[in-house]
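Okay, so here's the structure we're looking at.
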Amino acid sequence: MMIRQSLTHIFLLSVIMMVFLTQSCSRDAKTVITSPDTGVEVKFSLSEKGVPYYAVNYAGGKFILPSRLGFILKNTPPLLEDFQISNVRKRSVDETWTPVWGQTDTVRNHFTELVVELEESGEPFRRMSLEFRVYNDGAAFRYILPDQPGVER
């Protein structure tokens, strides 16, 4: 009887984990990160059609309204929609470095980072990553396009 209960618990936990994994890699996903002092907030979302968007809030107010992300490429279909999230990574960094010259002896590099890896839902299954960094006084992002078939540089 005890083995049957354990197997039931393992099965239920597996189902719950599958639901969470499915939700984290599905469309209509939203991810939020904030600056170390929480004054700046960046929201990443993926619409039902797989269109990536970002928005920025500052001091509790809207600073950048939801804005579409993507690429229009020469001689290649655009990277604009039909994406799904394949991975999300977050990390915080708080380090100092010494500049070669300038008015300060050290520079503090303190931010929260979000990397969202996207993949097209259909062929040719191209990939693109978006890296967001949120500082106490602003935010930045960049596109990362790995070498892959279907993307000419």
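For THR96, state whether it is without any contact (Cβ under 8 Å) to a residue 40 or more places away in the chain, open to solvent by less than 90 Å² (accessible area, probe 1.4 Å) and more than 20 Å from the chain's Cα centre (by Cα). No, not satisfied.
If you go through region 61-71 one residue at a time, do you hit one that is over 12 Å from the mean Cα position of the chain (by Cα), β-branched (Val, Ile, Thr), at pLDDT 95 or above and open to solvent by 60 Å² or more (accessible area, probe 1.4 Å)? Looking through region 61-71, none of the residues is over 12 Å from the mean Cα position of the chain (by Cα), β-branched (Val, Ile, Thr), at pLDDT 95 or above and open to solvent by 60 Å² or more (accessible area, probe 1.4 Å).
Residues that are part of a loop (DSSP other than H, G, I, E, B) and among the basic types (Lys, Arg): does region 53-75 have at least one?
Looking through region 53-75, at least one residue is part of a loop (DSSP other than H, G, I, E, B) and among the basic types (Lys, Arg).
Please specify each residue of region 99-141 satisfying the condition of being in a loop (DSSP other than H, G, I, E, B), buried (at least 17 other Cβ atoms within 10 Å of the Cβ) and among the aromatic types (Phe, Trp, Tyr).
None; the set is empty.
Within region 77-93, restricting attention to residues that are in contact with a strand residue (DSSP E or B) (Cβ under 7 Å, 6 or more places away or on another chain) and hydrophobic (A, V, I, L, M, F, W, C), which residue is most open to solvent (accessible area, probe 1.4 Å)? Ranking the qualifying residues of region 77-93, first place goes to VAL88.
Pairs linking a residue in region 99-112 that is free of Cβ contacts under 8 Å to residues at least 24 places away in the same chain to a residue that is surrounded by 10 or more Cβ atoms within 10 Å (Cβ to Cβ) and of a type in the set (A, V, I, L, M), with Cβ atoms under 8 Å and 6 or more positions apart or on different chains, are PRO99/VAL107; ASN109/VAL93.
The values are calculated or read from the model by the stated rules, or taken from the named source; none is laboratory data. As the structure is a computational prediction, the values presented were derived from the model and not from experiment. Backbone-built Cβ (ideal geometry, glycine too); neighbour counts: all protein chains shown. Please note that ligands, DNA and RNA were not included when accessible areas were found on the heavy atoms of the full protein model with its side chains. Shrake-Rupley method; radii C 1.70, N 1.55, O 1.52, S 1.80 Å.
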